[in-house]
Amino acid sequence: MNTITSEIDFEKEVAQLVKNQRRYFKTNVTKSIDFRLEQLKKLKKLLVEHEDELHQAIFNDFGKSKYENQLTEIYPLFDEIDTAIKNLRKWAKPKSVKTNLLNFPAKSYIVPEPLGVTLVIGAWNFPYNLSLTPMVGSMMAGNTTILKPSELPVETSKIMARLINENFDPYYLRVVEGGIPETTALLNQRYDKIFFTGSPNVGKIVNKAAAPHLTNVTLELGGKNPVIFTEDASLKVSVKRMIWAKFVNSGQFCITADYVLIPKSIQREFLELAVEEIKKHNFSLENHNYVRIINERNFDRVVSLIDQDKVYYGGTYSREERIISPTIMHNVSLDDAIMQDEVFGPILPVITYDTLDEAFDIVKNFEKPLSAYLFSNDAATKERFLREVPFGSGGINDVVMQISNPNLPFGGVGNSGMGRYHGKFSFECFSHFKGVLDKPTAIETNLKYYGYSEKQMKIIKKLS
Ligand code: NAD
């Protein structure tokens with residue numbers, strides 16, 4: 001948007017769009033399960049038919065290959081749609097729950113209902129997945145949706161807008177493209193649900209915009225994700241798992257390893273194995289297993305975190321290509337620039353520790369991370385990790401793979417977000433659950449009526 005007039009026009013357009021979606025939602029059309037299933041199937045068909053174009057667009061944006069796009073974006077998204085189609089009738093059914101004696105002979109049940117008009121704001125690093133997966137959640141729950149994908153991957157934003165806007169009723173689904181001014185205009189409207197993926201700083205802006213309307217908000221944010229190794233870890237396989245997870249998507253992955261905590265005694269072996277593993281992958285665009293940094297601003301930010309004196313491996317880059325080689329930094333201290341904020345790029349800082357207490361203290365002194373990982377074979381250490389370290393989702397003896405299980409909730413805690421989604425949790429995320437007591441009128445006791453007595457209270461207490 002360049003001029004004040006176009007800003008005003010855009011605000012008006014957005015206000016009208018929200019109004020139209022609200023009016024449509026009130027017709028109850030989107031609440032029908034058949035309608036929801038039909039729309040989900042239509043979306044899947046559309047994406048399957050245009051899969052090649054989806055691959056081309058993301059390749060143009062940051063060099064992501066077809067295989068990596070299938071692995072990290074398209075297949076998980078298809079899986080989410082298929083899981084919804086398979087389970088929706090079951091999830092959307094009212095669920096009976098026990099009725100207490102005090103309310104006898106009533107029935108009690110929980111009725112899921114859609115929230116209304118949803119705004120989904122996506123992040124750029126997995127542009128399809130982080131925009132369309134929450135949109136699918138909103139659709140399965142029976143809402144109308146306005147989707148604002150990230151503006152940074154231009155081509156992917158464009159293709160999502162084209163496919164959806166040309167094939168769906170705007171009163172039901174609409175993609176609105178744009179950056180900060182457009183998102184600000186969108187946030188000036190009232191929604192029944194806002195689902196945001198991005199940085200904690202912008203998450204606060206979103207939460208503030210939602211507050212005057214008490215709009216239900218889910219915030220999928222980021223943080224510094226620790227990976228703690230213990231001396232008894234199966235080092236070879238652990239390093240193999242972690243290195244792939246760290247450098248896939250060039251480290252532009254909200255749940256990947258941000259930094260490693262390693263006992264001093266095994267640091268040398270760890271570093272050697274890590275380098276061996278990086279070399280085996282031969283990460284590059286040509287090998288279809290590496291991507292560019294999304295833009296020059298992010299490239300400059302990530303490069304500025306590299307302290308060449310502490311580089312153990314890698315540390316090379318090309319601004320022209322927007323490529324940073326897989327980099328490991330050692331002898332890192334908590335005061336270093338790289339430990340001040342989320343890395344979100346292909347640099348892995350390694351910090352040594354003497355005792356597990358020290359390692360846990362380091363983690364707990366940061367904000368609660370989106371993810372945390374432990375590599376250990378010791379049951380007591382695992383138990384301690386789960387009890388003491390707060391995190392959104394995570395893993396023991398693996399990194400990032402929790403995201404691939406649709407039966408696990410995905411979301412942050414504290415500074416890394418609020419709310420959760422994926423699979424059934426997406427349905428819950430975009431629904432309200434009405435608690436209903438349904439009483440027949442044939443019988444009525446006088447227990448709660450006509451004055452209180454010790455005897456009445458005793459009976460009520462027993463029946464409650
Ligand atoms: P971002 O916060 O800069 O942008 C996210 C979205 O907000 C974009 O659509 C953008 O247009 C919009 N936006 C940016 N600034 C805005 C402003 N001032 N006002 C209104 N809207 C604004 O985040 P990003 O750079 O796209 O993504 C990186 C961050 O997202 C990292 O912190 C990462 O950890 C986090 N992330 C989290 C998840 C998750 O699932 N929890 C997934 C991916 C990324």
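The values are calculated or read from the model by the stated rules, or taken from the named source; none is laboratory data. In this text the structure is predicted, and so the values were computed from the model without any measurement. Neighbour counts run over all protein chains shown; Cβ positions are idealised from the backbone, glycine included. Keep in mind that these areas ignore ligands, DNA and RNA; they rest on the heavy atoms of the full protein, side chains included. Shrake-Rupley method; radii C 1.70, N 1.55, O 1.52, S 1.80 Å.
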Item to check | Tally, over segment 213-244, of residues that are within 16 Å of the ligand (Cβ to nearest atom) and more than 14 Å from residue 413 (Cα to Cα) | outcome: 3
Next on the checklist: So, in segment 103-117, how many residues would count as being within 24 Å of residue 442 (Cβ to Cβ) and in contact with a Lys or Arg (Cβ under 9 Å, 6 or more places away or on another chain)?
Outcome noted: 7
Next on the checklist: Filter segment 79-97 down to the residues that are surrounded by 12 or more Cβ atoms within 10 Å (Cβ to Cβ) and assigned to a helix (DSSP H, G or I) and list them by number.
Outcome noted: 79, 80, 81, 82, 83, 84, 85, 87, 88, 89, 91, 92
Checklist entry - Just checking, how many residues over segment 396-415 are open to solvent by 50 Å² or more (accessible area, probe 1.4 Å) and more than 24 Å from residue 228 (Cα to Cα)? => result 1
Checklist entry - Among the numbered criteria (1) away from the ligand (no atom under 16 Å from the Cβ); (2) open to solvent by less than 40 Å² (accessible area, probe 1.4 Å); (3) more than 30 Å from residue 67 (Cα to Cα), which single criterion is violated by residue 278? => result (3)
Next on the checklist: modelled with pLDDT of 95 or more, within 16 Å of the ligand (Cβ to nearest atom), open to solvent by 30 Å² or more (accessible area, probe 1.4 Å) and not polar (S, T, N, Q): is that true of residue 76 in this structure?
Outcome noted: yes
Next on the checklist: Would you confirm, using the coordinates I've provided, whether residue 342 is assigned by TED's automatic domain parsing to the domain that holds residue 252, touching a residue at least 24 places away in the same chain (Cβ under 8 Å) and outside any strand (DSSP E or B)?
Outcome noted: yes
Next on the checklist: Given the condition within 30 Å of residue 70 (Cβ to Cβ), in contact (Cβ under 8 Å) with a residue 40 or more places away in the chain and within 12 Å of the ligand (Cβ to nearest atom), answer yes or no: does some residue in segment 421-434 qualify?
Outcome noted: yes
Checklist entry - For segment 9-76, list the helices (runs of 4 or more DSSP H) that sit wholly inside it and hold at least 2 residues that are in contact (Cβ under 8 Å) with a residue 12 or more places away in the chain and of a type in the set (A, V, I, L, M, F, W, C); which are they? => result 33-49, 51-62
Next on the checklist: For segment 416-462, give me each residue that is outside the structural domain of residue 100 (by TED's automatic domain parsing), open to solvent by 50 Å² or more (accessible area, probe 1.4 Å) and assigned to a helix (DSSP H, G or I).
Outcome noted: 454, 455, 457, 458, 459, 461, 462
Next on the checklist: Filter segment 171-182 down to the residues that are more than 13 Å from the ligand (Cβ to nearest atom) and open to solvent by 50 Å² or more (accessible area, probe 1.4 Å) and list them by number.
Outcome noted: 171, 174
Checklist entry - Looking at residue 295, is it open to solvent by 30 Å² or more (accessible area, probe 1.4 Å) and more than 28 Å from residue 237 (Cβ to Cβ)? => result yes
Checklist outcome for this item: The lone condition residue 218 fails out of (1) assigned to a helix (DSSP H, G or I); (2) among the β-branched types (Val, Ile, Thr); (3) under 27 Å from residue 91 (Cβ atoms) is (1)
Next on the checklist: If a residue must be open to solvent by less than 60 Å² (accessible area, probe 1.4 Å) and more than 7 Å from the ligand (Cβ to nearest atom), how many such residues does segment 183-195 contain?
Outcome noted: 8
Item to check | Residue satisfying all of: in segment 98-139; in a helix (DSSP H, G or I) and more than 26 Å from the chain's Cα centre (by Cα); farthest from the ligand (Cβ to nearest atom) among these | outcome: 101
